[in-house]
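Before any comments, here is the structure.
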Amino acid sequence: MDIQNHYYGHSAVLAAYAGLSRPRHIAGLLQHGWTATSPVAAHFADFPHVGADPRQRRLLVWSHGCRGWSPADETRTTTPVGAPVLYLERLLQARGWSRSDRLGPVFVPFHGTRLVRVTGAHADLARQVAKVDGPSTVCMHHEDLTDPEITSAWADAGHRLVTAGRRDDPRFLLRIMHLIGNASRVSSNRLSTAVLYAAAIGTPAAVWGDPLTFGAQSASAVDELHATWPEFHTADPANGQRPDTGAAEADAAATALARRELGADALLEPDTLRAALGWGRTPNIGPGIQYYAASPLAKAAMVLGLTKRSEQSTQAMSAGSFSPMLWLRNPLAALPRPLPKGLPTPVTTEDPAEAVPRS
């Protein structure tokens, strides 16, 4: 019922797993990334009535086993279905796929958004990564690739820059899986979705380096991440070195935690998943009408101040930096597009360096 349901190739992966040739409109809202706070606040705030009656439209979250929030604290019902990346893992493993180390180290810099920039000494961080891991594959957010200051910082330090693509590219997750599934280690300067993805499939993952500054967030936000999820912060924050002893045990603990945060215990079988998404034998026109009409109007009401987000939602969605002017700089970004295409079968990963740009 909203464009976020199709971000990062999530609906395309779910469709492939469910045995459909392409995604359909989802009867509700689907969590589109790991969040340190409640996904109800971080992802669903623009739709305060969705989930009030889960028989009609559901709030589909990845897990009810997260440390950062509890479904018992929410005023709306949430349904755990597991993260799409774990469904992709199942599809790949069914065809004999397994991870390797052939790419060497991969670094995923914490990125900004069209609403909030990450600021700080990008060049110093890039040189630090080169000193610790050597020239690495660096996966950039596609919007960061348009910033010469950021791209030159990483390229000048000798790194190979790639991107998984735009968030509306149905093959986005295939490229992420190629990177994390062939890395000797995946690192980032802040705890983020990519770190959990890597740890969940058994790739050593670590958070280290200058976290830089995200919007109006204070340093206490980074401290809270360290305190709440210490399993992902076992590397030395200054030089990225792993512990001298107990590295295997630390990796195993990170994998167990990541799979819990991503909802490995909530994964559904294809027929049950189709039911949860509202994908019956024939397409339902209701979610389509909501996608093209009701959803854009609800977002416009938020921007124009006709309805209000809670303070918690504003902080979770935009690091406390929300302003209608930020949204108005990109007035077409929230408009619905045609549903994404399905994935080619059999489903395989895709090397970002070989990807053909898609409009």
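What to note about this one:
- Heavy-atom SASA rank of T37, T79 (probe 1.4 Å, accessible area, largest first): T37, T79
- Nearest-ten-degree value, helix 172-181 long axis tilted from longest Cα axis of the chain: 30
- In this structure the amide hydrogen of G28, modeled in the peptide plane, comes within under 5 Å of the amide hydrogens of R58, none closer than 5 places in sequence on its chain.
- Dipole magnitude of segment 124-268, debye to nearest 20 (Cβ charges: Lys/Arg +1, Asp/Glu -1, about Cα centre): 460
- From the coordinates shown, percent of Cα pairs over 38 Å apart corresponds to which of (i) 12; (ii) 33; (iii) 17: (i)
- Rounded accessible area of S218 (nearest 10 Å², 1.4 Å probe): 70
- Sequence of D271, D244 when ordered by accessible area, the most exposed leading, probe 1.4 angstrom: D244, D271
- Structure remark: mean-square fluctuation, Gaussian network model of the chain, C-alpha springs under 10 Å; the largest value among A219, A258, A276 belongs to A219.
- Packing order of peptides 27-33, 158-164, highest average first: 27-33, 158-164 (average count of other Cβ atoms within 10 Å over each peptide's residues).
- The alpha carbon gyration tensor of segment 178-257 gives principal lengths a ≥ b ≥ c with a/c of 1.5 or higher and a/b greater than b/c, which makes the shape prolate.
- Measuring with a 1.4 angstrom probe and ignoring ligands and nucleic acids, D236 comes out at about 60 Å² accessible.
- Segment 59-115: C-alpha gyration tensor shape, a/c 1.5 cut-off, then a/b vs b/c: oblate
- Dipole magnitude for the chain: computed about the Cα centre from +1 point charges on Lys and Arg Cβ and -1 point charges on Asp and Glu Cβ, it is near 1280 debye.
- Residues of segment 190-220 with amide N under 16 Å of a point placed 7 Å along Cα→Cβ from D124: 190, 208-214, 219
- Within the chain, helix-based [θ] at 222 nm, where runs of 4 or more DSSP H residues each add -39,500 (n - 2.57), nearest 500: -9500 deg cm²/dmol
- Helix 219-228 vs. the chain, principal-axis angle (Cα, 0 to 90°, nearest 10): 90
- FRET E, pair D73, S218, Förster distance 41 Å, beta-carbon r, rounded to 0.05: 0.95
- Exposure check, 1.4 Å probe, all protein chains in place: K341 carries approximately 150 Å² of accessible surface.
- Rounded, prolate or oblate (a/c below 1.5 giving rounded, otherwise prolate when a/b exceeds b/c) for segment 109-226 by Cα gyration tensor: rounded
- Label-reachable residues, segment 53-71, where backbone N falls under 20 Å from a point 7 Å from T272's Cα toward its Cβ: 54-66, 71
- Ranking S70, S220 from most to least accessible surface, computed with a 1.4 Å probe over the protein chains only, gives S220, S70.
- Given charges at Cβ of Lys, Arg, Asp, Glu: the chain dipole, positive-most of H64, A275, G202: A275
The values are calculated or read from the model by the stated rules, or taken from the named source; none is laboratory data. Owing to the predicted nature of the structure, the values given are computational and were not obtained by experimental measurement. Here Cβ is always computed from backbone atoms with ideal geometry, including for glycine, and neighbour counts include all displayed protein chains. Protein only, heavy atoms only, side chains kept; ligands, DNA and RNA dropped before computing areas. Shrake-Rupley method; radii C 1.70, N 1.55, O 1.52, S 1.80 Å.
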